1. Consider a paramagnetic label point 7 Å from the Cα of residue 68 along Cα→Cβ; state which residues of segment 277-299 have an amide N under 18 Å from it.
2. Using only DSSP helix segments of four residues or longer, with each worth -39500 (n - 2.57), what per-residue ellipticity at 222 nm results for the chain after dividing by its residue count and rounding to 500?
3. Which semi-axis lengths, in whole Å and largest first, follow from the square roots of five times the eigenvalues of the Cα gyration tensor of segment 167-320?
4. Tell me, what is the percent relative contact order of segment 1-136, built from C-alpha pairs under 8 Å that lie six or more residues apart?
5. Classify segment 126-249 as rounded, prolate or oblate, taking a ≥ b ≥ c as the square roots of the eigenvalues of its Cα gyration tensor: rounded when a/c is under 1.5, otherwise prolate if a/b is larger than b/c and oblate if not.
6. Length gain on complete extension for the stretch residue 319 to residue 195, per 0.36 nm per residue less the alpha carbon to alpha carbon distance?
7. Just the number, please: percent antiparallel of the DSSP beta bridges in the chain, rounded to the nearest 5.
8. Per residue, how big is the convex hull of segment 53-106 when only Cα atoms are used? Give it in Å³.
């Protein structure tokens with residue numbers, strides 16, 4: 001049984017034209033996405049800025065209310081649960097945010113930031129147990145226990161992200177949504193954080209929904225990957241297979257932009273023309289057809305179905 005199962009999820013945001021006017025348009029941030037995350041695995045979610053991947057991650061753990069669709073966590077439907085009913089379940093799913101500074105309260109010490117989760121869920125019997133647990137969590141993410149009395153501004157970006165990871169681990173979750181956890185960090189630090197996440201997964205049996213815009217990072221940490229464009233999944237499959245032989249023209253363009261590690265490897269750069277269409281007024285037919293270099297007449301009128309093409313691969317393209 002899947003740990004997280006999402007079916008036909010939609011997240012739409014109303015657009016108000018003025019202070020007193022009613023919303024006549026909606027932003028289709030997520031427009032009919034289905035996915036599954038198995039216990040202990042990493043599912044990568046990749047796409048360029050504005051494709052809806054972060055909104056999907058937040059909706060998956062009910063930080064954002066879905067417009068339609070179903071979200072099942074560990075066999076339980078959490079789609080319409082109230083805040084009160086969700087509260088005891090939030091121990092089981094946590095989030096690591098993109099901005100390692102903006103997600104930490106600058107007026108709280110590290111011990112207060114991590115200990116807050118312990119206090120809310122009653123996971124520390126007393127102050128001594130709380131202090132010991134915080135020290136243990138800091139050690140788990142590669143920080144010294146003496147850092148507990150410092151404030152976020154006293155740390156580097158990589159260290160702040162480690163604090164965010166420790167906070168997520170404090171309640172011993174089964175699933176962590178990683179919302180571009182390394183995109184704001186230096187390349188050398190990115191590798192350290194990714195390796196830390198993999199090590200924690202091996203030791204704790206964690207499942208990750210790993211959101212990123214860099215296919216190289218996603219391939220390194222994920223077993224499976226989904227590629228999103230304009231609120232929809234356009235391709236999915238085993239990470240290595242998708243990166244080695246992308247089928248959808250959008251995935252091919254994304255992969256062509258990834259620098260090759262081997263100098264002998266030559267990639268033809270695919271430059272997409274135009275901008276990403278507005279999610280308020282998406283194009284008819286295939287959402288990618290205005291920028292697709294191989295689009296045909298059918299692509300402009302018919303919405304492609306995300307279908308199985310074998311070898312656990314799914315592609316939403318008329319030409320595959």
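Throughout, read-outs are computed from the coordinates displayed, never taken from laboratory work. Since the structure is predicted, the reported quantities are computational estimates derived from the model, not experimental observations. Glycine gets a Cβ as well: all are built from the backbone with ideal geometry, and neighbour counts include every protein chain shown.
1. Answer for segment 277-299: 279-287.
2. Numbers: 9 runs with 89 residues, N = 320.
-8000 deg cm²/dmol, from helical runs alone.
3. 30, 18, 15
4. Details: 164 pairs, mean separation 30.9, N = 136.
23 percent.
5. Note, shape of segment 126-249 comes out prolate.
6. 40.9 nm
7. Roughly 60 percent of the DSSP beta bridges within the chain come out antiparallel.
8. 103 Å³
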